[in-house]
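Right, one structure below, let's go through it.
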Amino acid sequence: MARPPKARDKALTAYAEILRDEGERAATVDAVAARAGISKGGVLYHFPTKEELGEGLLEWFGEIAEAGLEEMREDPEGPSRHYVRTSWITSEHDDPVYRSVLRLAQASWQPAIDAIEGIHQAWGDLIRAEVGDDATAEAIILIGEGLYYHSSMPAGWAGGSFDHSVESLLDVVDRLKGLA
């Protein structure tokens, strides 16, 4: 895929940041233009409607999600350990996109709901295929979701960091998979 124009990237990045930080109602075309440092006309040139901004964001999310699924499939430690390990570590590039799509889903935009449900289903499918049991897969997914939730909280919330516990939780994943 050809690299989009710089103004397009700026608009999408600004849109994702506003969604993540302030929510769907704050993500107006004017706010996107101001945050991106481009004119409103520049935003509208690339995204004639707010829905098209959302569609552009979902395309970006899809690219990131597919790359992440490929990493999960190829991880020598397996999908379950990969999922738990990466649930704690959020990247500066990927996580804001995920959180912004999540904000659109929370605002009841069906394409965003479908995208979030789709990636969660894909993660679950990989883990279920590895462990061969729905309940075990669900327990592993909930460990990852708990780590992600905790990592998204402000620093110092809930008594500090689970960083030291990730290896212990990976040992639990191994026990759940029957490897320990």
Check: Looking at (1) assigned to a helix (DSSP H, G or I); (2) at pLDDT 95 or above; (3) farther than 16 Å from Thr13 by Cβ, which is the one condition that is false for Glu59?
Finding: (3)
Check: Can you name the residue in region 69-96 that is surrounded by 16 or more Cβ atoms within 10 Å (Cβ to Cβ), assigned to a helix (DSSP H, G or I) and touching a His at 6+ places or on another chain (Cβ under 9 Å) and is also modelled with the highest pLDDT among such residues?
Finding: Met72
Note to self: Within region 17-39, take every residue that is charged (D, E, K, R) and loosely packed, with under 14 Cβ neighbours inside 10 Å and give me the one that is nearest to Asp95 (Cα to Cα).
What the structure shows: Glu22
Notebook entry, point to check: Quick check, is Arg128 in contact with an Asp or Glu (Cβ under 7 Å, 6 or more places away or on another chain), among the basic types (Lys, Arg) and either over 21 Å from Lys177 (Cβ atoms) or modelled with pLDDT under 95 (or both)?
Noted result: no
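Looking only at region 92-146, which residues are in contact with a Pro (Cβ under 6 Å, 6 or more places away or on another chain) and either over 21 Å from Glu63 (Cβ atoms) or of a type outside the set (A, V, I, L, M) (or both)?
Pass one, region 92-146, residues in contact with a Pro (Cβ under 6 Å, 6 or more places away or on another chain): 126-127, 130.
Scanning region 92-146 gives Ile127, Glu130.
In the list Ala129, Ala112, Ala135, Ala122, which residue meets the criterion of being out of contact with any strand residue (DSSP E or B) (no Cβ under 8 Å at 6 or more places or on another chain), among the small types (Gly, Ala, Ser) and crowded, with 17+ Cβ neighbours inside 10 Å?
Testing whether each residue is out of contact with any strand residue (DSSP E or B) (no Cβ under 8 Å at 6 or more places or on another chain), among the small types (Gly, Ala, Ser) and crowded, with 17+ Cβ neighbours inside 10 Å leaves just Ala112.
The values are calculated or read from the model by the stated rules, or taken from the named source; none is laboratory data. The model shown is predicted, which means the values in this text are computed figures rather than measured ones. Quick reminder, even Gly has a Cβ in these numbers, built from the backbone with ideal geometry, and neighbours come from all protein chains shown.
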